[in-house]
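Below is one structure, written out as structure tokens; the observations come after it.
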Amino acid sequence: MKFKIKYFLLLQLCFMLSFAQAQYEIKPTKGYSPQIGIMVDMLEDLKGRITEMTKDLDQKETDYMFDDQANSIGALIMHLVATEAYYQVETLEGRAWDKQEEEFWSIASSLGDHSRDDLKGKPIKYYLDLWDKIRQKTLDGLKKKDDAWFAENIEEGINNHWVWFHVMEHSANHMGQIALVKNRLPKK
């Protein structure tokens, strides 16, 4: 009986310590203004979670669609990258995509039949590396901005803060879709 009690207390202690070490806090990332730093923390958390759940996919898993209306994990990640690239140039550079950017990103900016046909054949590393590149440019751009800029409207009723909130919520939404596709992958 004493062994069971000691074992139970040890288990309970380990469980409690795991929460003490866990980082379930949203804090401003150093080097950014407070509000932007909080957004950066959330953007990076979501990107890290999506990367962690997809980084080991093989080609078949990256391109897998569980029905003819579904999107592959590769297409969903490319869509997230395209969305971030769009809002990056709109808010941080104050412009629209140029012709070359439009040609490259348009296939992923809206998912549908065209993306199901065209966004395949590239390894998961391609999409994740591209996201790393775009994210670094986002982080570099946000580092140069302050909370007054974050609160500025880019058009009536839409401010920079909302735009980056939208990028963040968009990632969370598609993270759920990615998890669904991953759960539906054929068993090996």
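So which of 96, 85, 70 is open to solvent by 40 Å² or more (accessible area, probe 1.4 Å) and aliphatic (A, V, I, L, M)?
96
So the check is Cβ under 7 Å with 6+ separation or different chains; which pairs have a first residue in the stretch 59-74 that's at negative phi and a second one that's polar (S, T, N, Q) and open to solvent by 10 Å² or more (accessible area, probe 1.4 Å)?
Qualifying pairs under 7 Å: 65/71.
For the condition over 16 Å from the mean Cα position of the chain (by Cα), within 28 Å of residue 53 (Cβ to Cβ) and β-branched (Val, Ile, Thr), what is the one hit in 178, 107, 158, 124?
107
Could you list all residues from the stretch 39-94 that are in contact with a Pro (Cβ under 9 Å, 6 or more places away or on another chain) and hydroxyl-bearing (Ser, Thr, Tyr)?
Within the stretch 39-94, 62, 64 meet the criteria.
Within the stretch 147-185, restricting attention to residues that are open to solvent by 80 Å² or more (accessible area, probe 1.4 Å) and not in a helix (DSSP H, G or I), which residue is modelled with the lowest pLDDT?
155
Conditions first: (1) modelled with pLDDT of 60 or more; (2) open to solvent by less than 70 Å² (accessible area, probe 1.4 Å); (3) assigned to a helix (DSSP H, G or I). Residue 18 passes all but one, so which condition is the exception?
It is condition (1) that residue 18 fails.
State all residues of the stretch 133-146 that are within 20 Å of residue 50 (Cα to Cα), surrounded by 13 or more Cβ atoms within 10 Å (Cβ to Cβ) and not polar (S, T, N, Q); if no residue qualifies, say none.
134, 135, 137, 139
If I filter the stretch 27-47 for residues that are of a type in the set (S, T, N, Q), touching a residue at least 24 places away in the same chain (Cβ under 8 Å) and open to solvent by 70 Å² or more (accessible area, probe 1.4 Å), do I get at least one hit?
Yes, the stretch 27-47 has at least one match.
Does residue 125 count as in a helix (DSSP H, G or I), farther than 30 Å from residue 28 by Cβ and open to solvent by 50 Å² or more (accessible area, probe 1.4 Å)?
yes
Being out of contact with any helix residue (DSSP H, G or I) (no Cβ under 8 Å at 6 or more places or on another chain) and either at pLDDT 95 or above or among the β-branched types (Val, Ile, Thr) (or both) narrows it down to one of 47, 99, 122, 55, so name that one.
One residue alone meets the criteria, 99.
Select, from 133, 182, 143, the only residue that is closer than 17 Å to residue 28 by Cβ and basic (Lys, Arg).
Result: 143 is the single residue among 133, 182, 143 that is closer than 17 Å to residue 28 by Cβ and basic (Lys, Arg).
Would you call residue 90 at negative phi and buried (at least 20 other Cβ atoms within 10 Å of the Cβ)?
no
Filter the stretch 161-175 for residues that are farther than 21 Å from residue 50 by Cα and in contact (Cβ under 8 Å) with a residue 12 or more places away in the chain and give the result.
161
The values are calculated or read from the model by the stated rules, or taken from the named source; none is laboratory data. Note that the coordinates shown come from a computational prediction; the quantities given were computed from them, not determined experimentally. Backbone-built Cβ (ideal geometry, glycine too); neighbour counts: all protein chains shown. Side chains included, ligands, DNA and RNA excluded: accessible areas come from the protein's heavy atoms. Shrake-Rupley method; radii C 1.70, N 1.55, O 1.52, S 1.80 Å.
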